[in-house]
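Asker: The following block contains the structure, expressed as C-alpha coordinates.
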Amino acid sequence: MPATERPLRAVIFDLDGVLVSTSKYHAQAWGDLVRSLGHEPPPDLEERVKGISRMASLKIALGEHAKDYNEEQLEQLATQKNEHYRRLSQNIDPNDLFPGARALFDDLRAAGIKILLGSASKNAKPVLDGLGITEYFHDIIDGFRYRHGKPHPDIFLTAARAAGADPSECIVVEDAAAGIDAAIDGGFVTVGIGTYESLKHAHLFIRSLEELTAAKLRDLQQRWRSDLWTATSPLTPRQAATHLLLGEPAKGGAWALQVTVDGQAVDLTRGKAEVSDSRLDLRTGVESAETRWTSPAHREMVLTRRGFADAACPGRRVHRYEIESVGHEATLDIALVLSCARGCVAVSDRVVSGPLPGVRAVTVVGMQLHDRPTAAYAPELSDEQAVVRTRTTVPADTVLYLEVAEMAEQSAAPDAPELAASVQQALRAGFSEVRIESAALVAQRLAAVRGEDEGSADVLAVRRRRFLQTLESLTRRE
Ligand code: B16
Ligand code: MG
(Lines give C-alpha, C1' and ligand atoms only; values in the text may rest on other atoms or scores of the structure.)
(Ligands and ions follow the chains in the order given, each with its own letter.)
Protein backbone atom coordinates (compact mmCIF):
# COMPACT_ATOMS: atom_id res chain seq x y z
CA MET A 1 0.00 0.00 0.00
CA PRO A 2 1.52 3.39 -0.92
CA ALA A 3 2.54 5.39 2.11
CA THR A 4 0.28 8.29 1.19
CA GLU A 5 -2.82 6.18 1.77
CA ARG A 6 -2.32 6.43 5.50
CA PRO A 7 -1.27 10.00 6.19
CA LEU A 8 -0.89 11.46 9.65
CA ARG A 9 -4.37 12.75 10.41
CA ALA A 10 -4.32 13.45 14.14
CA VAL A 11 -2.05 13.94 17.12
CA ILE A 12 -3.57 12.99 20.47
CA PHE A 13 -2.04 14.72 23.47
CA ASP A 14 -2.24 13.52 27.03
CA LEU A 15 -2.64 16.49 29.40
CA ASP A 16 -0.83 16.09 32.68
CA GLY A 17 2.92 15.80 32.11
CA VAL A 18 2.66 16.57 28.37
CA LEU A 19 1.10 20.03 28.16
CA VAL A 20 1.23 21.09 31.81
CA SER A 21 2.48 19.77 35.10
CA THR A 22 -0.46 19.00 37.35
CA SER A 23 1.07 15.86 38.83
CA LYS A 24 2.54 17.80 41.75
CA TYR A 25 -0.98 19.00 42.65
CA HIS A 26 -2.42 15.47 42.26
CA ALA A 27 0.37 14.02 44.42
CA GLN A 28 -0.02 16.72 47.05
CA ALA A 29 -3.79 16.26 47.24
CA TRP A 30 -3.46 12.46 47.55
CA GLY A 31 -0.65 12.76 50.09
CA ASP A 32 -2.61 15.20 52.28
CA LEU A 33 -5.67 12.97 52.14
CA VAL A 34 -3.84 9.78 53.07
CA ARG A 35 -1.93 11.48 55.90
CA SER A 36 -5.19 12.95 57.28
CA LEU A 37 -6.34 9.32 57.65
CA GLY A 38 -3.22 8.46 59.63
CA HIS A 39 -1.39 6.56 56.84
CA GLU A 40 1.87 7.23 55.07
CA PRO A 41 1.61 7.59 51.25
CA PRO A 42 4.04 5.50 49.11
CA PRO A 43 7.29 7.40 48.43
CA ASP A 44 6.92 7.10 44.62
CA LEU A 45 3.27 8.21 44.68
CA GLU A 46 3.63 11.06 42.15
CA GLU A 47 5.16 8.80 39.46
CA ARG A 48 2.79 5.90 40.08
CA VAL A 49 -0.48 7.81 39.76
CA LYS A 50 0.50 9.56 36.52
CA GLY A 51 -2.12 8.84 33.87
CA ILE A 52 -4.04 6.51 36.20
CA SER A 53 -7.77 7.07 36.86
CA ARG A 54 -8.94 8.71 40.07
CA MET A 55 -10.23 5.55 41.78
CA ALA A 56 -7.20 3.48 40.76
CA SER A 57 -4.96 6.30 42.04
CA LEU A 58 -6.78 6.27 45.39
CA LYS A 59 -6.04 2.56 45.81
CA ILE A 60 -2.37 3.19 45.03
CA ALA A 61 -2.26 6.08 47.53
CA LEU A 62 -3.88 3.99 50.27
CA GLY A 63 -1.83 0.87 49.49
CA GLU A 64 -2.67 -2.02 51.78
CA HIS A 65 -5.09 0.19 53.75
CA ALA A 66 -7.47 0.32 50.74
CA LYS A 67 -9.14 -2.87 51.94
CA ASP A 68 -10.20 -1.13 55.19
CA TYR A 69 -12.67 1.10 53.33
CA ASN A 70 -15.89 0.12 51.55
CA GLU A 71 -16.79 1.40 48.06
CA GLU A 72 -18.93 4.23 49.40
CA GLN A 73 -16.15 5.47 51.71
CA LEU A 74 -13.66 5.24 48.83
CA GLU A 75 -15.96 7.36 46.65
CA GLN A 76 -16.17 9.97 49.42
CA LEU A 77 -12.40 10.03 49.83
CA ALA A 78 -11.94 10.48 46.06
CA THR A 79 -14.39 13.41 46.09
CA GLN A 80 -12.57 14.98 49.04
CA LYS A 81 -9.23 14.68 47.20
CA ASN A 82 -10.76 16.16 44.06
CA GLU A 83 -12.03 19.25 45.88
CA HIS A 84 -8.55 19.78 47.29
CA TYR A 85 -6.98 19.23 43.84
CA ARG A 86 -9.38 21.76 42.26
CA ARG A 87 -8.33 24.37 44.80
CA LEU A 88 -4.64 23.67 44.21
CA SER A 89 -4.94 23.74 40.40
CA GLN A 90 -7.26 26.71 39.96
CA ASN A 91 -4.44 29.16 39.47
CA ILE A 92 -3.14 27.43 36.32
CA ASP A 93 -2.68 30.08 33.61
CA PRO A 94 -1.11 30.34 30.10
CA ASN A 95 2.37 30.65 31.62
CA ASP A 96 2.04 27.06 32.86
CA LEU A 97 1.77 25.68 29.30
CA PHE A 98 4.93 23.69 28.56
CA PRO A 99 7.47 25.31 26.18
CA GLY A 100 6.92 24.49 22.53
CA ALA A 101 3.25 23.48 22.87
CA ARG A 102 1.71 26.53 21.25
CA ALA A 103 4.19 26.62 18.36
CA LEU A 104 3.58 22.91 17.72
CA PHE A 105 -0.20 23.41 17.76
CA ASP A 106 0.13 26.24 15.22
CA ASP A 107 2.34 24.07 13.01
CA LEU A 108 -0.06 21.09 13.18
CA ARG A 109 -3.03 23.31 12.46
CA ALA A 110 -1.30 24.83 9.42
CA ALA A 111 -0.50 21.29 8.18
CA GLY A 112 -4.17 20.25 8.50
CA ILE A 113 -3.44 17.70 11.23
CA LYS A 114 -6.11 17.48 13.92
CA ILE A 115 -5.27 18.04 17.58
CA LEU A 116 -7.13 16.03 20.23
CA LEU A 117 -6.86 15.49 23.95
CA GLY A 118 -6.71 11.98 25.43
CA SER A 119 -6.64 12.46 29.20
CA ALA A 120 -7.86 10.35 32.11
CA SER A 121 -8.72 13.53 34.01
CA LYS A 122 -12.24 14.72 34.72
CA ASN A 123 -10.72 18.16 35.31
CA ALA A 124 -9.19 18.44 31.84
CA LYS A 125 -11.52 21.13 30.48
CA PRO A 126 -10.95 23.74 33.23
CA VAL A 127 -7.21 23.07 32.98
CA LEU A 128 -7.22 23.63 29.17
CA ASP A 129 -9.26 26.81 29.70
CA GLY A 130 -6.75 28.00 32.30
CA LEU A 131 -3.93 27.36 29.81
CA GLY A 132 -5.88 29.26 27.11
CA ILE A 133 -5.57 26.52 24.43
CA THR A 134 -9.09 25.01 24.23
CA GLU A 135 -9.72 26.47 20.75
CA TYR A 136 -6.99 24.31 19.16
CA PHE A 137 -8.74 21.04 20.00
CA HIS A 138 -10.82 19.16 17.44
CA ASP A 139 -12.19 17.12 20.36
CA ILE A 140 -11.47 16.57 24.04
CA ILE A 141 -11.58 12.98 25.30
CA ASP A 142 -11.42 13.35 29.06
CA GLY A 143 -12.36 11.36 32.16
CA PHE A 144 -16.05 11.57 31.21
CA ARG A 145 -15.64 10.10 27.73
CA TYR A 146 -14.05 6.66 28.15
CA ARG A 147 -15.02 3.34 29.69
CA HIS A 148 -11.62 1.95 30.65
CA GLY A 149 -8.62 3.87 31.96
CA LYS A 150 -5.02 3.51 30.79
CA PRO A 151 -3.30 1.03 30.26
CA HIS A 152 -6.44 0.07 28.31
CA PRO A 153 -6.35 1.70 24.84
CA ASP A 154 -9.98 2.89 25.13
CA ILE A 155 -9.24 6.64 25.60
CA PHE A 156 -7.05 6.80 22.49
CA LEU A 157 -9.34 4.61 20.37
CA THR A 158 -12.20 6.96 21.28
CA ALA A 159 -10.04 9.92 20.24
CA ALA A 160 -9.11 8.28 16.90
CA ARG A 161 -12.80 7.63 16.17
CA ALA A 162 -13.60 11.26 17.03
CA ALA A 163 -10.94 12.34 14.52
CA GLY A 164 -12.34 9.97 11.87
CA ALA A 165 -8.93 8.28 11.68
CA ASP A 166 -7.48 4.81 12.01
CA PRO A 167 -5.05 4.41 14.95
CA SER A 168 -2.23 3.89 12.43
CA GLU A 169 -2.95 7.44 11.20
CA CYS A 170 -2.52 8.99 14.64
CA ILE A 171 0.30 9.75 17.04
CA VAL A 172 -0.13 9.72 20.81
CA VAL A 173 2.08 11.95 22.98
CA GLU A 174 2.31 10.65 26.56
CA ASP A 175 4.38 11.03 29.71
CA ALA A 176 3.22 7.90 31.56
CA ALA A 177 4.30 4.28 31.01
CA ALA A 178 0.64 3.23 31.30
CA GLY A 179 -0.22 5.72 28.53
CA ILE A 180 2.46 4.44 26.14
CA ASP A 181 1.31 0.85 26.86
CA ALA A 182 -2.27 1.85 26.10
CA ALA A 183 -1.32 3.58 22.85
CA ILE A 184 0.90 0.75 21.58
CA ASP A 185 -1.79 -1.81 22.37
CA GLY A 186 -4.27 0.34 20.45
CA GLY A 187 -2.02 0.38 17.35
CA PHE A 188 -0.76 3.98 17.63
CA VAL A 189 2.66 5.48 17.02
CA THR A 190 3.90 6.93 20.29
CA VAL A 191 6.02 9.81 21.52
CA GLY A 192 7.18 9.65 25.15
CA ILE A 193 8.05 12.84 27.02
CA GLY A 194 9.49 12.94 30.51
CA THR A 195 11.33 10.16 32.33
CA TYR A 196 13.26 7.93 29.89
CA GLU A 197 13.39 4.93 32.26
CA SER A 198 9.63 4.41 32.09
CA LEU A 199 9.24 5.40 28.41
CA LYS A 200 11.82 3.20 26.66
CA HIS A 201 9.08 1.48 24.68
CA ALA A 202 7.89 4.69 22.98
CA HIS A 203 8.80 5.07 19.28
CA LEU A 204 10.40 8.43 19.97
CA PHE A 205 11.55 9.88 23.26
CA ILE A 206 11.80 13.65 23.70
CA ARG A 207 12.64 15.95 26.57
CA SER A 208 10.57 18.90 25.37
CA LEU A 209 7.76 19.61 22.90
CA GLU A 210 10.17 22.12 21.33
CA GLU A 211 11.80 19.11 19.62
CA LEU A 212 8.63 18.38 17.61
CA THR A 213 7.31 19.77 14.33
CA ALA A 214 4.47 18.61 12.09
CA ALA A 215 7.04 17.39 9.53
CA LYS A 216 8.97 15.36 12.10
CA LEU A 217 5.78 13.76 13.41
CA ARG A 218 4.74 12.90 9.85
CA ASP A 219 8.07 11.12 9.26
CA LEU A 220 7.75 9.25 12.53
CA GLN A 221 4.20 8.10 11.73
CA GLN A 222 5.18 6.97 8.22
CA ARG A 223 8.06 4.94 9.59
CA TRP A 224 6.28 3.25 12.49
CA ARG A 225 2.58 3.15 11.57
CA SER A 226 1.23 -0.10 12.94
CA ASP A 227 -0.24 -1.43 9.67
CA LEU A 228 3.33 -1.82 8.34
CA TRP A 229 4.54 -3.61 11.45
CA THR A 230 1.72 -5.98 12.26
CA ALA A 231 1.71 -9.62 11.24
CA THR A 232 -1.57 -11.49 11.41
CA SER A 233 -1.32 -14.91 12.94
CA PRO A 234 -2.08 -17.83 10.64
CA LEU A 235 -4.32 -19.35 13.31
CA THR A 236 -7.94 -19.97 12.39
CA PRO A 237 -10.47 -18.10 14.52
CA ARG A 238 -11.30 -21.29 16.43
CA GLN A 239 -7.64 -22.06 17.09
CA ALA A 240 -7.06 -18.47 18.12
CA ALA A 241 -9.97 -18.69 20.56
CA THR A 242 -8.57 -21.82 22.16
CA HIS A 243 -5.10 -20.33 22.15
CA LEU A 244 -6.47 -17.26 23.86
CA LEU A 245 -7.54 -19.10 26.96
CA LEU A 246 -5.27 -22.07 26.95
CA GLY A 247 -2.02 -20.22 26.52
CA GLU A 248 0.76 -21.68 24.49
CA PRO A 249 2.50 -24.88 25.26
CA ALA A 250 5.98 -24.00 26.44
CA LYS A 251 8.77 -26.16 25.04
CA GLY A 252 7.41 -29.58 25.89
CA GLY A 253 5.31 -28.25 28.78
CA ALA A 254 1.64 -27.38 28.88
CA TRP A 255 -0.22 -24.95 31.05
CA ALA A 256 -3.77 -23.72 30.82
CA LEU A 257 -5.84 -21.03 32.37
CA GLN A 258 -9.32 -22.04 33.50
CA VAL A 259 -11.77 -19.28 34.30
CA THR A 260 -15.18 -19.73 35.89
CA VAL A 261 -17.68 -16.85 35.93
CA ASP A 262 -20.30 -17.06 38.68
CA GLY A 263 -19.87 -20.81 38.74
CA GLN A 264 -19.97 -21.29 34.95
CA ALA A 265 -16.80 -22.33 33.11
CA VAL A 266 -15.66 -20.02 30.31
CA ASP A 267 -15.76 -22.35 27.31
CA LEU A 268 -15.40 -20.64 23.95
CA THR A 269 -16.73 -23.68 22.09
CA ARG A 270 -20.13 -23.11 23.74
CA GLY A 271 -22.30 -20.02 23.43
CA LYS A 272 -21.11 -17.41 20.91
CA ALA A 273 -17.51 -16.31 20.41
CA GLU A 274 -16.41 -13.47 18.11
CA VAL A 275 -12.69 -13.85 17.73
CA SER A 276 -10.27 -11.28 16.35
CA ASP A 277 -7.20 -12.34 14.43
CA SER A 278 -4.19 -12.92 16.59
CA ARG A 279 -1.82 -10.02 15.80
CA LEU A 280 1.90 -9.77 16.32
CA ASP A 281 3.23 -6.24 16.73
CA LEU A 282 6.71 -6.43 15.26
CA ARG A 283 7.67 -3.14 16.88
CA THR A 284 7.43 -4.65 20.37
CA GLY A 285 7.14 -8.42 19.88
CA VAL A 286 3.75 -8.44 21.62
CA GLU A 287 1.13 -10.80 20.25
CA SER A 288 -2.50 -10.14 21.09
CA ALA A 289 -5.94 -11.54 20.39
CA GLU A 290 -9.39 -10.54 21.56
CA THR A 291 -12.57 -12.54 21.96
CA ARG A 292 -16.06 -11.33 22.78
CA TRP A 293 -17.83 -14.28 24.32
CA THR A 294 -21.50 -14.67 25.19
CA SER A 295 -22.17 -17.67 27.40
CA PRO A 296 -25.16 -19.96 26.81
CA ALA A 297 -26.74 -18.09 29.77
CA HIS A 298 -26.21 -14.78 27.86
CA ARG A 299 -23.40 -13.49 30.03
CA GLU A 300 -21.06 -11.32 27.94
CA MET A 301 -17.31 -11.19 28.49
CA VAL A 302 -14.46 -9.54 26.59
CA LEU A 303 -11.20 -11.48 26.86
CA THR A 304 -7.91 -10.14 25.59
CA ARG A 305 -4.59 -11.90 25.76
CA ARG A 306 -1.27 -10.17 25.18
CA GLY A 307 1.95 -12.09 25.38
CA PHE A 308 5.57 -11.78 24.40
CA ALA A 309 8.78 -13.72 24.50
CA ASP A 310 10.94 -11.62 26.77
CA ALA A 311 13.94 -10.37 24.79
CA ALA A 312 15.63 -9.31 28.03
CA CYS A 313 15.45 -12.86 29.42
CA PRO A 314 15.65 -15.63 26.81
CA GLY A 315 13.23 -18.47 27.47
CA ARG A 316 10.85 -16.39 29.54
CA ARG A 317 7.39 -15.61 28.25
CA VAL A 318 5.09 -13.10 29.88
CA HIS A 319 1.35 -12.84 29.29
CA ARG A 320 -1.38 -10.50 30.37
CA TYR A 321 -5.05 -11.38 30.24
CA GLU A 322 -7.61 -8.61 30.31
CA ILE A 323 -11.01 -9.86 31.42
CA GLU A 324 -14.05 -7.58 31.23
CA SER A 325 -17.44 -8.62 32.42
CA VAL A 326 -19.93 -6.62 30.31
CA GLY A 327 -22.97 -5.19 32.08
CA HIS A 328 -22.75 -7.21 35.28
CA GLU A 329 -20.57 -7.78 38.30
CA ALA A 330 -18.92 -11.21 38.24
CA THR A 331 -17.13 -13.50 40.63
CA LEU A 332 -14.21 -15.13 38.86
CA ASP A 333 -12.53 -18.33 39.93
CA ILE A 334 -9.20 -18.56 38.15
CA ALA A 335 -7.00 -21.64 38.01
CA LEU A 336 -3.59 -21.85 36.36
CA VAL A 337 -3.03 -25.52 35.62
CA LEU A 338 0.35 -27.04 34.81
CA SER A 339 0.20 -30.60 33.52
CA CYS A 340 3.27 -32.56 34.41
CA ALA A 341 4.56 -35.84 35.67
CA ARG A 342 5.02 -36.74 39.31
CA GLY A 343 6.97 -34.47 41.60
CA CYS A 344 5.34 -31.04 41.19
CA VAL A 345 6.65 -28.31 43.46
CA ALA A 346 4.87 -25.25 44.85
CA VAL A 347 7.58 -22.61 44.63
CA SER A 348 5.38 -20.01 46.36
CA ASP A 349 1.66 -19.38 46.80
CA ARG A 350 1.44 -18.29 43.14
CA VAL A 351 4.28 -20.09 41.34
CA VAL A 352 4.43 -23.83 40.62
CA SER A 353 6.93 -26.03 38.85
CA GLY A 354 7.03 -29.54 37.54
CA PRO A 355 9.03 -32.00 35.46
CA LEU A 356 7.48 -32.85 32.10
CA PRO A 357 6.32 -36.31 31.18
CA GLY A 358 8.73 -38.36 29.11
CA VAL A 359 11.46 -35.72 28.67
CA ARG A 360 14.15 -34.31 30.88
CA ALA A 361 12.65 -30.87 31.16
CA VAL A 362 10.96 -28.61 33.63
CA THR A 363 8.37 -25.84 33.42
CA VAL A 364 7.83 -23.09 35.96
CA VAL A 365 4.69 -21.00 35.71
CA GLY A 366 3.10 -18.41 37.97
CA MET A 367 0.24 -15.91 37.96
CA GLN A 368 -1.05 -12.87 39.80
CA LEU A 369 -3.81 -10.31 39.61
CA HIS A 370 -2.58 -6.84 38.82
CA ASP A 371 -3.46 -4.07 41.30
CA ARG A 372 -5.03 -6.48 43.82
CA PRO A 373 -2.40 -6.64 46.52
CA THR A 374 -4.67 -8.49 48.94
CA ALA A 375 -5.72 -11.32 46.58
CA ALA A 376 -5.12 -14.79 48.03
CA TYR A 377 -3.54 -17.61 46.02
CA ALA A 378 -3.55 -21.28 46.85
CA PRO A 379 -1.29 -23.86 45.19
CA GLU A 380 -2.48 -27.46 44.94
CA LEU A 381 -0.32 -30.41 43.93
CA SER A 382 -1.33 -33.80 42.67
CA ASP A 383 0.45 -36.57 40.77
CA GLU A 384 -0.33 -35.13 37.33
CA GLN A 385 -0.94 -31.47 37.97
CA ALA A 386 0.14 -28.39 39.78
CA VAL A 387 -2.58 -25.76 40.11
CA VAL A 388 -2.64 -22.20 41.44
CA ARG A 389 -6.09 -20.87 42.34
CA THR A 390 -7.45 -17.46 43.16
CA ARG A 391 -10.89 -15.87 43.36
CA THR A 392 -11.89 -12.26 42.77
CA THR A 393 -14.84 -10.04 41.99
CA VAL A 394 -14.93 -7.76 38.96
CA PRO A 395 -17.38 -4.85 38.98
CA ALA A 396 -19.53 -4.48 35.84
CA ASP A 397 -17.69 -3.06 32.81
CA THR A 398 -14.30 -2.89 34.43
CA VAL A 399 -11.22 -4.77 33.31
CA LEU A 400 -9.37 -7.28 35.45
CA TYR A 401 -5.68 -7.62 34.57
CA LEU A 402 -4.17 -11.05 35.18
CA GLU A 403 -0.48 -11.69 34.59
CA VAL A 404 1.21 -15.00 33.88
CA ALA A 405 4.95 -15.63 33.55
CA GLU A 406 6.47 -18.91 32.42
CA MET A 407 9.82 -20.47 31.78
CA ALA A 408 10.73 -23.90 30.47
CA GLU A 409 14.04 -25.63 29.98
CA GLN A 410 14.85 -28.98 28.46
CA SER A 411 17.71 -30.03 30.65
CA ALA A 412 17.05 -28.33 33.96
CA ALA A 413 16.78 -30.20 37.22
CA PRO A 414 13.14 -30.55 38.37
CA ASP A 415 13.46 -27.83 40.98
CA ALA A 416 15.50 -25.44 38.74
CA PRO A 417 15.78 -22.53 41.19
CA GLU A 418 17.01 -19.99 38.62
CA LEU A 419 13.95 -20.57 36.41
CA ALA A 420 11.67 -20.08 39.40
CA ALA A 421 13.52 -16.93 40.44
CA SER A 422 13.13 -15.53 36.93
CA VAL A 423 9.38 -16.20 36.91
CA GLN A 424 8.98 -14.63 40.34
CA GLN A 425 10.99 -11.63 39.31
CA ALA A 426 8.74 -11.10 36.24
CA LEU A 427 5.63 -11.26 38.43
CA ARG A 428 7.11 -8.84 40.94
CA ALA A 429 7.93 -6.35 38.22
CA GLY A 430 4.59 -6.78 36.42
CA PHE A 431 3.76 -7.13 32.72
CA SER A 432 4.29 -3.46 31.85
CA GLU A 433 7.68 -3.12 33.45
CA VAL A 434 9.00 -6.34 31.92
CA ARG A 435 7.65 -5.25 28.56
CA ILE A 436 9.38 -1.87 28.73
CA GLU A 437 12.78 -3.56 29.14
CA SER A 438 12.03 -6.16 26.48
CA ALA A 439 10.66 -3.59 24.01
CA ALA A 440 13.79 -1.48 24.43
CA LEU A 441 15.92 -4.47 23.40
CA VAL A 442 13.60 -5.37 20.54
CA ALA A 443 13.89 -1.77 19.32
CA GLN A 444 17.71 -2.00 19.44
CA ARG A 445 17.66 -5.21 17.40
CA LEU A 446 15.20 -3.66 15.02
CA ALA A 447 17.46 -0.67 14.48
CA ALA A 448 20.34 -3.07 13.78
CA VAL A 449 18.48 -5.02 11.08
CA ARG A 450 16.87 -1.98 9.52
CA GLY A 451 17.91 -1.58 5.92
CA GLU A 452 19.40 1.69 4.81
CA ASP A 453 17.03 2.02 1.90
CA GLU A 454 13.80 3.36 3.37
CA GLY A 455 10.40 3.67 1.85
CA SER A 456 9.83 0.97 -0.76
CA ALA A 457 7.22 -1.68 0.00
CA ASP A 458 9.61 -4.50 -1.02
CA VAL A 459 12.32 -3.26 1.27
CA LEU A 460 9.82 -3.07 4.11
CA ALA A 461 8.68 -6.65 3.52
CA VAL A 462 12.26 -7.96 3.53
CA ARG A 463 13.08 -5.90 6.57
CA ARG A 464 10.08 -7.26 8.47
CA ARG A 465 10.95 -10.85 7.56
CA ARG A 466 14.52 -10.39 8.73
CA PHE A 467 13.31 -8.77 11.88
CA LEU A 468 10.98 -11.64 12.66
CA GLN A 469 13.84 -14.10 12.25
CA THR A 470 16.03 -11.99 14.50
CA LEU A 471 13.32 -11.70 17.10
CA GLU A 472 12.83 -15.43 17.07
CA SER A 473 16.53 -16.20 17.49
CA LEU A 474 16.79 -13.55 20.16
CA THR A 475 14.08 -15.10 22.31
CA ARG A 476 15.03 -18.75 21.78
CA ARG A 477 16.82 -20.22 24.74
CA GLU A 478 20.06 -21.94 23.89
P1 B16 B 1 -8.89 13.49 37.82
P2 B16 B 1 -3.60 12.62 32.33
C3 B16 B 1 -4.39 11.99 34.80
O4 B16 B 1 -4.21 12.95 33.80
C5 B16 B 1 -3.38 12.24 35.90
O6 B16 B 1 -2.08 12.01 35.42
C7 B16 B 1 -3.65 11.26 37.03
O8 B16 B 1 -2.74 11.47 38.08
C9 B16 B 1 -5.09 11.49 37.53
O10 B16 B 1 -5.39 10.58 38.58
C11 B16 B 1 -6.04 11.29 36.37
O12 B16 B 1 -5.70 12.17 35.32
C13 B16 B 1 -7.48 11.51 36.76
O14 B16 B 1 -7.63 12.85 37.08
O15 B16 B 1 -8.88 13.03 39.24
O16 B16 B 1 -8.62 14.95 37.63
O17 B16 B 1 -10.13 13.04 37.08
O18 B16 B 1 -2.14 12.38 32.55
O19 B16 B 1 -4.34 11.39 31.81
O20 B16 B 1 -3.91 13.87 31.59
MG1 MG C 1 -0.03 12.19 31.80
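The values are calculated or read from the model by the stated rules, or taken from the named source; none is laboratory data. For clarity, every value in this text was computed on a predicted model and none was experimentally measured. Backbone-built Cβ (ideal geometry, glycine too); neighbour counts: all protein chains shown.
Asker: Does D44 fit the bill of being within 16 Å of ligand 2 (Cβ to nearest atom), exposed (fewer than 14 other Cβ atoms within 10 Å of the Cβ) and not small (G, A, S)?
Answerer: yes
Asker: Out of (1) in contact with a helix residue (DSSP H, G or I) (Cβ under 9 Å, 6 or more places away or on another chain); (2) at pLDDT 90 or above; (3) of a type in the set (A, V, I, L, M), what's the single condition that is false for V261?
Answerer: (1)
Asker: Give the residue that is modelled with the highest pLDDT, with candidates limited to residues of segment 335-365 that are small (G, A, S) and within 20 Å of T260 (Cβ to Cβ).
Answerer: Filtering first and then ranking leaves A335.
Asker: State whether one or more residues within segment 356-366 are touching a Cys at 6+ places or on another chain (Cβ under 6 Å) and either touching a residue at least 60 places away in the same chain (Cβ under 8 Å) or surrounded by fewer than 19 Cβ atoms within 10 Å (Cβ to Cβ) (or both).
Answerer: Yes: segment 356-366 contains one or more residues that are touching a Cys at 6+ places or on another chain (Cβ under 6 Å) and either touching a residue at least 60 places away in the same chain (Cβ under 8 Å) or surrounded by fewer than 19 Cβ atoms within 10 Å (Cβ to Cβ) (or both).
Asker: Of the residues L116, L128, L108, only one is among the hydrophobic types (A, V, I, L, M, F, W, C) and within 11 Å of ligand 1 (Cβ to nearest atom); which?
Answerer: Exactly one of L116, L128, L108 is among the hydrophobic types (A, V, I, L, M, F, W, C) and within 11 Å of ligand 1 (Cβ to nearest atom), namely L128.
Asker: When segment 59-85 is examined, which residues are found to be part of a helix (DSSP H, G or I) and away from ligand 1 (no atom under 13 Å from the Cβ)?
Answerer: L62, G63, E64, H65, A66, K67, D68, E71, E72, Q73, L74, Q76, listed by residue number.
Asker: Is it the case that A61 is at pLDDT 90 or above, closer than 20 Å to S121 by Cβ, more than 26 Å from the chain's Cα centre (by Cα) and not β-branched (V, I, T)?
Answerer: Details: at pLDDT 90 or above: yes; closer than 20 Å to S121 by Cβ: yes; more than 26 Å from the chain's Cα centre (by Cα): no; not β-branched (V, I, T): yes.
Judged against the criteria, A61 is not a match.
Asker: Could you list, in sequence order, the residues of segment 30-57 that are more than 23 Å from A183 (Cβ to Cβ), of a type outside the set (D, E) and either outside any helix (DSSP H, G or I) or in contact with an Asp or Glu (Cβ under 9 Å, 6 or more places away or on another chain) (or both)?
Answerer: W30, G31, V34, L37, G38, H39, P41, P42, P43, listed by residue number.
Asker: Taking segment 1-24, which residues are away from ligand 2 (no atom under 13 Å from the Cβ) and crowded, with 20+ Cβ neighbours inside 10 Å?
Answerer: Selection gives L8, A10, V11.
Asker: Out of segment 120-138, which residues are assigned to a loop (DSSP other than H, G, I, E, B), surrounded by 20 or more Cβ atoms within 10 Å (Cβ to Cβ) and over 16 Å from the mean Cα position of the chain (by Cα)?
Answerer: Once the filter is applied, which keeps residues that are assigned to a loop (DSSP other than H, G, I, E, B), surrounded by 20 or more Cβ atoms within 10 Å (Cβ to Cβ) and over 16 Å from the mean Cα position of the chain (by Cα), segment 120-138 yields S121, N123, I133.
For (1) surrounded by fewer than 20 Cβ atoms within 10 Å (Cβ to Cβ); (2) under 28 Å from F205 (Cα atoms); (3) among the aromatic types (F, W, Y); (4) without any contact (Cβ under 8 Å) to a residue 24 or more places away in the chain, each residue gets a yes or a no:
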| site | (1), (2), (3), (4) |
| --- | --- |
| L381 | yes, no, no, no |
| V388 | no, no, no, no |
| R391 | yes, no, no, no |
| A421 | yes, no, no, yes |
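Asker: Also, I was wondering about something else. Can you find a residue that is touching a residue at least 24 places away in the same chain (Cβ under 8 Å), in contact with a Pro (Cβ under 9 Å, 6 or more places away or on another chain) and either surrounded by fewer than 18 Cβ atoms within 10 Å (Cβ to Cβ) or under 24 Å from C170 (Cβ atoms) (or both) anywhere in segment 74-87?
Answerer: yes
Asker: State which residue pairs qualify: first residue closer than 12 Å to S23 by Cα and inside segment 38-58, second residue more than 10 Å from ligand 1 (Cβ to nearest atom) and among the hydroxyl-bearing types (S, T, Y) in any location, beta carbons under 9 Å apart, and separation of 6 or more residues or different chains.
Answerer: If the second residue must be more than 10 Å from ligand 1 (Cβ to nearest atom) and among the hydroxyl-bearing types (S, T, Y), the pairs left are E47/T195; E47/S198; K50/S198.
Asker: Any idea how many residues of segment 98-119 are part of a helix (DSSP H, G or I), surrounded by 18 or more Cβ atoms within 10 Å (Cβ to Cβ) and charged (D, E, K, R)?
Answerer: So the answer is 0.
Asker: Now for a separate question. Would you mind stating whether V11 is in contact (Cβ under 8 Å) with a residue 24 or more places away in the chain, more than 14 Å from ligand 1 (Cβ to nearest atom) and either closer than 30 Å to D219 by Cβ or under 24 Å from the mean Cα position of the chain (by Cα) (or both)?
Answerer: Yes: the conditions hold for V11.
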